[in-house]
1. Out of all the residues in region 76-94, which are without any contact (Cβ under 8 Å) to a residue 12 or more places away in the chain and either in contact with a helix residue (DSSP H, G or I) (Cβ under 7 Å, 6 or more places away or on another chain) or surrounded by 10 or more Cβ atoms within 10 Å (Cβ to Cβ) (or both)?
2. Looking at region 36-60, which of its residues are acidic (Asp, Glu) and more than 20 Å from ARG80 (Cβ to Cβ)?
3. Would you tally the residues in region 1-35 being surrounded by 10 or more Cβ atoms within 10 Å (Cβ to Cβ) and under 22 Å from LEU85 (Cα atoms)?
4. When you scan region 33-52, how many residues do you find that are touching a Lys or Arg at 6+ places or on another chain (Cβ under 7 Å) and assigned to a loop (DSSP other than H, G, I, E, B)?
Amino acid sequence: MMAISEVIKITSKGQLTLPIDIRKELSLDKDSYLYVTKVGSVVVMKKVEKLSLDEISTILQSLAEEGGITRNFLMKEVERAKKQLQEEKHAKSQG
């Protein structure tokens, strides 16, 4: 896989457009999800095929460690995120 690099602009609303070559190669469309994280001064995006409970937990755990969030709150957020994803998937299948 060859690296694809482009400079893109962020709008006043914080939105950005991924280059078409990247969207095509990763099969990203309007209903796709990306996991975004900041590592130092680098922003990393990863296509999310389907978030597992473990992946959601890992994401939220790293945020919790940074913000001092309790395990109880973290578990509630994991369940909320899981429910939201299931509802979105169900709504998509309904049409």
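1. Across region 76-94, the qualifying residues are LYS76, GLU79, ARG80, LYS83, GLN84, GLN86, GLU87, GLU88, LYS89.
2. We begin by selecting, within region 36-60, every residue acidic (Asp, Glu); these are 49, 54-55.
The one that is acidic (Asp, Glu) and more than 20 Å from ARG80 (Cβ to Cβ): GLU49.
3. Count: 7.
4. Let us first name the residues in region 33-52 that are touching a Lys or Arg at 6+ places or on another chain (Cβ under 7 Å), namely 34-35.
Filter once more, keeping what is assigned to a loop (DSSP other than H, G, I, E, B): none.
Residues that pass the stated criteria total 0.
Laboratory data are not the source of any read-out in this text; all were calculated from the coordinates shown. Bear in mind the structure is a predicted one, so any value in this text is a computation, not a measurement. Because the Cβ atoms are built from the backbone with ideal geometry, glycine has one as well, and the counts that use them run over all protein chains shown.
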